[in-house]
1. How much FRET efficiency would the formula 1/(1 + (r/R0)^6) give for Tyr45 and Asn173, where r is the Cβ-Cβ distance and R0 is 25 Å, rounded to 0.05?
2. Taking the Cα of Lys209, stepping 7 Å toward and past its beta carbon, and measuring to each backbone N in the stretch 147-189: which are under 20 Å?
3. Measuring from label point to label point, each 7 Å out along Cα→Cβ, what is the Ile86 to Asn136 span in nm?
4. Skipping prolines and chain starts, which residues have an amide H placed within reach, meaning under 5 Å, of the one on Ser72, given they are 5 or more residues away or on another chain?
5. FRET efficiency for Asp70 and Glu148, Cβ-Cβ distance as r, R0 = 30 Å, nearest 0.05?
6. Which pairs in the list Lys172/Lys209; Lys181/Lys204; Lys80/Lys118; Lys164/Lys195; Lys125/Lys181 are over 18 Å apart, alpha-carbon to alpha-carbon?
Amino acid sequence: MKKNIDFKIIISVITFLFLKSVSYAQLDYSKFEGVKSKITIVKEYSFVNVYDYNFNSNGKDSLLVQTLNDNSLEAAISKKYAPKFINNTKDSISFSVKLLSRLIIDVDNKRHYFVSYKASNNNVKMISNFLNNGVNFIESTSSNSEIELLKSILKNSNAYLLFKFYNKRKSKNYPVVDELKDATKNEQGFLDIKKLAQVLEENKASLAKYLDE
């Protein structure tokens with residue numbers, strides 16, 4: 001598929017982590033490995049990492065179907081829905097959470113972990129923001145305009161689409177993105193979160209076909 005071929009080309013630009021499968025259609029998230037990505041969203045951000053669960057997790061393993069007991073980010077998300085996983089068995093899954101994309105970015109000297117996902121009972125994209133206290137991931141209850149912009153960006157895009165806006169090269173398969181990408185960057189050519197959030201929101205109908213979730 002064209003999408004998979006494109007990902008092979010950009011693997012040195014966005015970090016893709018190799019995952020190990022375990023039983024019960026679930027991943028051992030504690031064994032994630034990887035390095036910093038090189039995608040740049042405005043110059044002042046010291047760290048940005050974008051990850052696509054669907055591409056890297058081979059479909060079914062991007063699903064949370066039980067409460068995880070480790071200290072991973074994915075375990076923190078699973079614990080939010082622990083009561084809904086109770087009726088799940090190995091042969092019968094009545095509730096699941098599909099992980100979509102993850103954006104890790106340093107804001108005000110704090111590393112924020114934004115995750116987009118959908119619960120099977122409503123199919124509405126949700127965005128959660130987590131902080132790590134050195135031991136566990138804790139969902140953040142505070143916000144500001146910058147945090148809301150980042151949430152908006154992830155809500156209206158995914159890891160693959162973000163790279164397409166970042167990439168300077170044009171692609172005949174993404175004419176809508178090619179028309180809009182200049183409007184998302186600052187004078188130095190970096191993605192500007194205010195501009196990017198506005199473009200994604202104003203053009204979400206025409207960009208929806210690229211989300212493929």
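Nothing in this text is a laboratory measurement; each read-out follows from the coordinates by a stated rule. Note that this is a predicted model, so its numbers are computed, not measured. All Cβ positions, glycine included, derive from the backbone under ideal geometry; neighbour counts span all protein chains shown.
1. 0.30
2. 156-166, 170-182
3. Simple spin-label model gives 2.0 nm for this pair.
4. Amide H neighbours of Ser72, under 5 Å, 5+ apart: none.
5. The pair Asp70/Glu148 has a calculated efficiency of 0.50.
6. The answer is Lys125/Lys181.
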